[in-house]
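Undergrad: I'd like to ask some things about the structure below.
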Amino acid sequence: MKLPYPSRSIAFRLIVAVLAVELLSSIVVIALSFGYERHTHFRSFDVMLHGRADSVLGAVQDADDPNADVLLDQADLHVPPEDVYEVWDISGHLLGRSSNWNGAGPSLPTHPLGDFSQVEINDRHYRLLRMHGSRTVDPNIKGGIVHQLVVVYGSPTSRLWHAIHGAVEFYAVGSLVLLLVTGPLIAWLLHHGLLPLRELAHLAAQVSADSWEFSPPASARATPELAPLTHALESVLQRLERSFLQQQAFVSDAAHELKTAVAVLKSSLQLMAMKRRTAQEYEEGLERCLTDSSRLEKLVADMLTLARAEQTNIPDPEKTADLDLCVRKAMDQLETIAKLRNVQITFHALEDAPRGSFRVETNPSDGALLVSNLVLNALQHSPASSKVELRLRREDGTDPSRDTVVFQIQDHGSGIAPEALPHVFDRFYRGDASRARNTGGSGLGLAIAKAIVVRGGGAIEIASQANPLLPFQGTTVTVRLPVAQSK
């Protein structure tokens, strides 16, 4: 079967995921560092441009030319040779500019704090500052004459970008080195961290039909993420072991029961064939063989019934049964047996209960089989002149969908020994003479009853008190089944 995606280990996926997150984080850090470095460097660069523009503004002096008020004295002006500048008065008259530039023009008016722009001068990128300023000359004449000026100053940005790129490259190289270092480290840490999972898988792989021993490592139990998986594996393997052992025991017991029944039938036939018999002897022998065959047929039928009752995934054509009707039919069917054993059956139920109050989630055949098996078992345990009491009631749950029907069967026999009580629902279990092979019991009646109850989503329990000093305490079987929901 082709997988919809390539198979990859958890460690591989985690490593790729962590490295992808680191790579994405590195890209984000580089982008943020680029923005931060650019902002910081340009801010400092702009402050430098303002300072140099102020120095150019300070170089404006009185003009000796009577036609000009002020001029730009470039003799004492010290600026880097690659920088460009020019000064204009408010009327648009050029006072001076650097020799390496043709100028940009005043473009009046300007923002008081200056306007910045990016231009290309002599195939180089410059950042220009166009700043409005004032210069006071002739301070002896009524406090001086104030001249409004526009200073344009620019400096190449190549060194600025070189510094920015250098800082970003440092972050990029650092992130790459971090990825190269953390990659193997993450792989080692994940390999070491997944060691409890590998140990758990190794121990689980050793479980087989011949060896059910499974002891999870302490590291798996102590790991919060693995503790639920460890508990689930233990529970599943324990249930599988119980189911497997039950199946083995069932096959073994079934084979033993069938072998015994066949051996009895065979011995009866061999006994008749040992010598010539009279017609009456042959008739008696055939009757014994017929009885043994009937017992064998009953055993096989019970085994098939139990197997069907334990199949929970088989849909039922009729999903509900009226337990009240099942009880009354079982009483009619077993009335003859009760009279032969001189046992009285009494039924306690609400006579005015609405119709359908005791409908449960099981099919009618299973409901009838459940009731008849339990009542027959109670009759077999009851001494002569005693009673078997049947009770049927309904218990309310927290909401109507959780109501249950409770069916109780109580006899007044000798009870069940405490050591036998845990095994009464086991297959082929016969705890006393009333379930011995000579009575025709197969030891599957209570097992079938439990399978039917479990299949219907209910529960069955048995309470008994076997005390030699207090005879006839009896046994009580209680069955609880969920009420069938109306469609």
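Undergrad: Only one residue in GLU241, GLU234 is surrounded by 14 or more Cβ atoms within 10 Å (Cβ to Cβ) and within 20 Å of HIS423 (Cβ to Cβ). Which one?
TA: On the way: GLU234 fails: within 20 Å of HIS423 (Cβ to Cβ).
Unique residue meeting the criteria: GLU241.
Undergrad: Which pairs have Cβ atoms under 6 Å, sit 6 or more apart or on different chains, and link a residue in the range 179-206 that is farther than 23 Å from HIS231 by Cα and in contact (Cβ under 8 Å) with a residue 12 or more places away in the chain to one that is part of a helix (DSSP H, G or I) and among the β-branched types (Val, Ile, Thr)?
TA: Hits for this filter: ILE186/ILE15; ILE186/VAL18; ALA187/ILE15.
Undergrad: All but one of (1) of a type in the set (Ser, Thr, Tyr); (2) in contact with a strand residue (DSSP E or B) (Cβ under 9 Å, 6 or more places away or on another chain); (3) at pLDDT below 80 hold for TYR5; state the number of the condition that does not hold.
TA: Looking at each condition in turn, TYR5 falls short on (2).
Undergrad: Could you tell me which numbered condition LEU179 fails, if it satisfies all but one of (1) more than 22 Å from LEU24 (Cα to Cα); (2) modelled with pLDDT of 80 or more?
TA: Checking LEU179 against (1) more than 22 Å from LEU24 (Cα to Cα); (2) modelled with pLDDT of 80 or more, the one that fails is (1).
Undergrad: Only residues that are over 25 Å from GLY443 (Cβ atoms) and either modelled with pLDDT under 80 or part of a helix (DSSP H, G or I) (or both): list them for the range 270-296, please. Even if it seems obvious, please write down each step before you answer.
TA: Going through the range 270-296, the residues over 25 Å from GLY443 (Cβ atoms) turn out to be 270-286.
Answer for the range 270-296, where residues must be over 25 Å from GLY443 (Cβ atoms) and either modelled with pLDDT under 80 or part of a helix (DSSP H, G or I) (or both): GLN270, LEU271, MET272, ALA273, ALA279, GLN280, GLU281, TYR282, GLU283, GLU284, GLY285, LEU286.
Undergrad: List the pairs whose first member sits in the range 32-60 and is assigned by TED's automatic domain parsing to the domain that holds VAL79 and farther than 12 Å from PHE116 by Cβ, whose second member is in a helix (DSSP H, G or I) and among the hydrophobic types (A, V, I, L, M, F, W, C), and whose Cβ atoms are under 6 Å apart, counting only residues at least 6 apart or on separate chains?
TA: Sorted first by the residue in the range 32-60, then by its partner, the pairs are SER33/VAL168; PHE34/VAL168; GLU37/ILE164; GLU37/ALA167; ARG38/ILE164; HIS41/LEU160; HIS41/ALA163; HIS41/ILE164.
Undergrad: Somewhere in the range 290-311, is a residue under 30 Å from ALA205 (Cβ atoms), touching a helix residue (DSSP H, G or I) at 6+ places or on another chain (Cβ under 6 Å) and not hydroxyl-bearing (Ser, Thr, Tyr)?
TA: Yes, because at least one residue in the range 290-311 is under 30 Å from ALA205 (Cβ atoms), touching a helix residue (DSSP H, G or I) at 6+ places or on another chain (Cβ under 6 Å) and not hydroxyl-bearing (Ser, Thr, Tyr).
Undergrad: Do any strands (runs of 3 or more DSSP E) lying entirely in the range 18-102 carry at least 1 residues that are at pLDDT 90 or above, among the β-branched types (Val, Ile, Thr) and buried (at least 17 other Cβ atoms within 10 Å of the Cβ), and which ones are they? Talk me through it step by step, then tell me what you get.
TA: Values: elements: 60-62, 70-72, 84-89, 94-97.
Filter on the range 18-102 gives 84-89.
Undergrad: Please indicate, with yes or no, whether at least one residue in the range 171-188 is part of a helix (DSSP H, G or I), touching a Phe, Trp or Tyr at 6+ places or on another chain (Cβ under 7 Å) and under 30 Å from ARG127 (Cα atoms).
TA: Let us first name the residues in the range 171-188 that are part of a helix (DSSP H, G or I), namely 171-188.
Those left that are additionally touching a Phe, Trp or Tyr at 6+ places or on another chain (Cβ under 7 Å): none.
No: the range 171-188 contains no residue that is part of a helix (DSSP H, G or I), touching a Phe, Trp or Tyr at 6+ places or on another chain (Cβ under 7 Å) and under 30 Å from ARG127 (Cα atoms).
The values are calculated or read from the model by the stated rules, or taken from the named source; none is laboratory data. Only a predicted model underlies this, so the values are computations on that prediction, with no experimental measurement involved. Glycine also receives a Cβ, built like all others from the backbone with ideal geometry; neighbour counts cover every protein chain displayed.
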